[in-house]
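See below for the structure under consideration.
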Amino acid sequence: MLPRLKPLPMKERASLVFVERGRLDVLDGAFVLVDAEGVRTHIPVGGLACILLEPGTRVSHAAAVLAARAGTLLVWVGEAGVRLYASGQPGGARSDKLLYQASLALDEGARLKVVRQMFSLRFGEEAPDKRSVDQLRGIEGARVRAMYKLLARQFSVPWSGRNYDHRSWGAGDLANRCLSAATACLYGVSEAAILAAGYAPAIGFLHTGKPQSFTYDVADLFKFETVVPAAFKVAASTPDDPERATRLACRDMFRRTRILKRIIPAIEDVLATGGLPVPTAPEDSVGPAFSDEEGIGDAGHRG
């Protein structure tokens, strides 16, 4: 009898793959996607960190078991990750990444370093010296309001400020409805990346006290170069269904720019600035350790 194979270390895997419109199953000992015509597409589950399951995908029990044994995260998402609905066991069952994230958030000095790095990445300049997290949050808020106003002027969209009430989605003006739809899309992609990397969406640094605090932190790093301009562009065209038009625009942009390839390394880099020892996966671990060289693939039929 052959010895049981060990899962590949995460540093040797590709990061993510999208699958849609098919049935994930285990056939002839292989992990495959079977489409409506019965065509099998082999998926090297042991060589992937995460499989994102888009609409039209079904997963057999055997496939879920194999993914768990291989340490591959299954995440149920909307098209191109614009929504995140559910996920399997994140991070390859490693607790050291969660403890590392929590230690950074609980250490005031480390947390401030992380927040300062987020500020630097978001605005392209160093954060002001001798400012607390609360003070930096206030400075960031003022800059964000100014950036919204500037983009509204560039796209010739009426703007009276960011106004969103989740209890009354349709009450906002056109620009705010498009922005709400766009940021929701980015939150889905960001949370999928956070889970795949083995971290907790709830343990934030600038944002705190919410189930998606870290999701908001990560999404803010990319918001104004991605979904916010897309939202204003859609609002300028005054479509009949602005929310749907915005989701489609974000979906296409996510696929075109392969944004997940940037989000995952950014998470690791931002947390490393906190100055605490970074967890190192043992050689036989399936815990995540991503690099800039790892890409995102696609499998399954595209409509």
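Here are some notes:
- All strands (runs of 3 or more DSSP E) inside region 49-124 with 2 or more residues being in contact with a helix residue (DSSP H, G or I) (Cβ under 8 Å, 6 or more places away or on another chain) and of a type in the set (Val, Ile, Thr): 73-77
- Residue list for region 182-212, filter: of a type in the set (A, V, I, L, M, F, W, C), part of a helix (DSSP H, G or I) and surrounded by fewer than 24 Cβ atoms within 10 Å (Cβ to Cβ): Ala184, Leu195
Listed here are the residues, each with its yes/no results for (1) in contact with a Leu (Cβ under 6 Å, 6 or more places away or on another chain); (2) at pLDDT 85 or above; (3) surrounded by fewer than 16 Cβ atoms within 10 Å (Cβ to Cβ); (4) more than 29 Å from Arg247 (Cα to Cα).
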| position | (1), (2), (3), (4) |
| --- | --- |
| Ala62 | no, yes, yes, yes |
| Val65 | no, yes, yes, yes |
| Leu73 | no, no, no, no |
| Trp76 | yes, yes, no, no |
| Gln89 | no, no, yes, no |
| Ala102 | no, yes, yes, yes |
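- Residues of region 213-249 satisfying the condition of being among the aliphatic types (A, V, I, L, M) and either touching a strand residue (DSSP E or B) at 6+ places or on another chain (Cβ under 9 Å) or not in a helix (DSSP H, G or I) (or both): Leu221
- Taken as a whole, the condition of being surrounded by 14 or more Cβ atoms within 10 Å (Cβ to Cβ) and farther than 23 Å from Glu191 by Cα applies to Val32.
- Selected residue (criterion: nearest to the chain's Cα centre (by Cα)) from residues of region 15-35 that are outside any strand (DSSP E or B) and touching a residue at least 40 places away in the same chain (Cβ under 8 Å): Glu20
- A residue that is under 15 Å from Lys97 (Cβ atoms) and at pLDDT below 95 occurs nowhere in region 237-248.
- Selected residue (criterion: nearest to Ser87 (Cα to Cα)) from residues of region 173-230 that are free of Cβ contacts under 8 Å to residues at least 60 places away in the same chain and within 11 Å of the chain's Cα centre (by Cα): Pro201
- Subset of region 250-294 [more than 17 Å from the chain's Cα centre (by Cα) and modelled with pLDDT of 85 or more]: Ala272, Thr273, Gly274, Gly275, Leu276, Pro277, Val278, Pro279
- Residue check, Ala152 outside any loop (DSSP other than H, G, I, E, B), hydrophobic (A, V, I, L, M, F, W, C), out of contact with any Asp or Glu (no Cβ under 7 Å at 6 or more places or on another chain) and at pLDDT 95 or above: yes
The values are calculated or read from the model by the stated rules, or taken from the named source; none is laboratory data. Computed from a predicted structure; not experimentally measured. Ideal geometry is used to build each Cβ from the backbone, glycine not excepted, and the neighbour counts take in all protein chains shown.
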